[in-house]
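Chemist: The structure that follows is given in the form of structure tokens.
The values are calculated or read from the model by the stated rules, or taken from the named source; none is laboratory data. Since the structure is predicted, the reported quantities are computational estimates derived from the model, not experimental observations. Neighbour counts run over all protein chains shown; Cβ positions are idealised from the backbone, glycine included. Surface accessibility is based on the protein's heavy atoms, side chains included, excluding ligands, DNA and RNA. Shrake-Rupley method; radii C 1.70, N 1.55, O 1.52, S 1.80 Å.
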Amino acid sequence: MFRLKEIRKEHKKSQEELAKLLGVTQATLSGWENEKYEIDNKSLIKCAEILNVSVDYLLGRSDERTASSPNAIKIPVLGSVPAGIPLEAIEDIIGEEEIPSSWLAGGKEFFALKIKGDSMEPEYRTGDIVIFKKQSDCESGEDCIVMINGDEATFKRVEKISGGILVKPLNPDYPTLHFSSDDIEKTPVKITGVAWELRRSRRG
């Protein structure tokens, strides 16, 4: 249930006023409110900021209007992690998650990804949200976002072996990939984040 109209009225804003703040036409805003067509991600996040609610509340996915803790910060939930694009420039943002601000000590950076597919089952399921710490290396056995050959990132377990690494799905129906040290440089194979926390989908 999209709550845009309801929350706009609570804030005593007209369609015209909110549309102007969003940089869209009143007709566009009306179409979003009546769910005639889907709001884009940038406008969705801007709406949430203007109306002081979370994206999940605006979309009707949560009954928590805003951050419950003053020490929490919001990070983007990405639908995908394309190769070659800095994380801060990715536009495929589908929501937000809160993390403790203490996690950012020492300059650490985090992002979240919504899991698609079953290659990491049973530990990770489609619809799960995983929080990742942004980093370019990992310990053996950690679950990572891995860029392979400039393609869109894949989420797999990385095991370090003599002379290379294994990029392993947890689901045995999918093949394990082996990369030698030369392959890692030439392919290339790059780690962009390490799984920090799993948040199970509300749908269970």
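Chemist: Could you bin all the Cα-Cα distances of region 117-204 into 5 Å bins starting at 0 and give me the percent of pairs in each, rounded to whole numbers?
Modeler: All Cα pairs, binned at 5 Å, distribute as 3, 14, 24, 27, 19, 8, 3, 1, 0 percent.
Chemist: Counting only Cα atoms, I'd like the Rg/Rh figure for region 107-148, Kirkwood definition for Rh.
Modeler: 0.97
Chemist: Quick check: at a probe of 1.4 Å, how many percent of the accessible area of the chain sits on carbon and sulfur atoms?
Modeler: 48 percent
Chemist: Evaluated at 10 °C with a viscosity of 1.306 mPa s, what Stokes-Einstein diffusion coefficient in µm²/s does region 1-74 have when Rh comes from the Kirkwood expression over alpha-carbon pairs?
Modeler: In µm²/s, the coefficient is 126.
Chemist: Suppose all protein chains stay in the model; what accessible area per residue would a 1.4 Å probe give for the chain, in Å²?
Modeler: In whole numbers, the chain has 56 Å² accessible per residue.
Chemist: Which of N34, N52, N171 moves most in a GNM of the chain, Cα contacts under 10 Å?
Modeler: N34
Chemist: Along the Cα→Cβ direction, 7 angstrom out, place labels at L166 and L21. What is the inter-label distance in nm?
Modeler: 5.4 nm
Chemist: Taking only Cα atoms and a 10 Å spring cutoff, compute GNM fluctuations for the chain and point out the largest among A105, A48, A27.
Modeler: Looking only at A105, A48, A27, the biggest GNM fluctuation is shown by A105.
Chemist: So what are the three principal axis dimensions of the chain from its Cα atoms, in whole Å, longest to shortest?
Modeler: The Cα atoms of the chain stretch 64, 33, 32 Å along the principal axes, largest first.
Chemist: So if each residue of separation counts as 0.36 nm, and I subtract the Cα-Cα distance between R61 and L104, what length gain in nm does that give?
Modeler: Gain on extension, R61 to L104, equals 12.8 nm.
Chemist: Here's something else I'd like to know. How many angstrom lie between the C-alpha centres of region 32-55 and region 139-169?
Modeler: 36 Å
Chemist: May I ask for the angle, rounded to the nearest 10°, between helix 41-51 and the longest principal axis of the chain, with both axes built from Cα atoms and the value confined to 0 to 90°?
Modeler: Helix 41-51 sits at roughly 50 degrees to that axis.
Chemist: For the chain, set up a GNM with springs between Cα atoms under 10 Å and report which of F110, F179, F155 has the largest fluctuation.
Modeler: Comparing F110, F179, F155 in the GNM, the peak value goes to F179.
Chemist: To continue, here is another question. Hey, what's the Kirkwood Rh for region 156-204 if you take every pair of different alpha carbons, in angstrom?
Modeler: Computed over Cα pairs of region 156-204, the Kirkwood hydrodynamic radius comes out at 12.6 Å.
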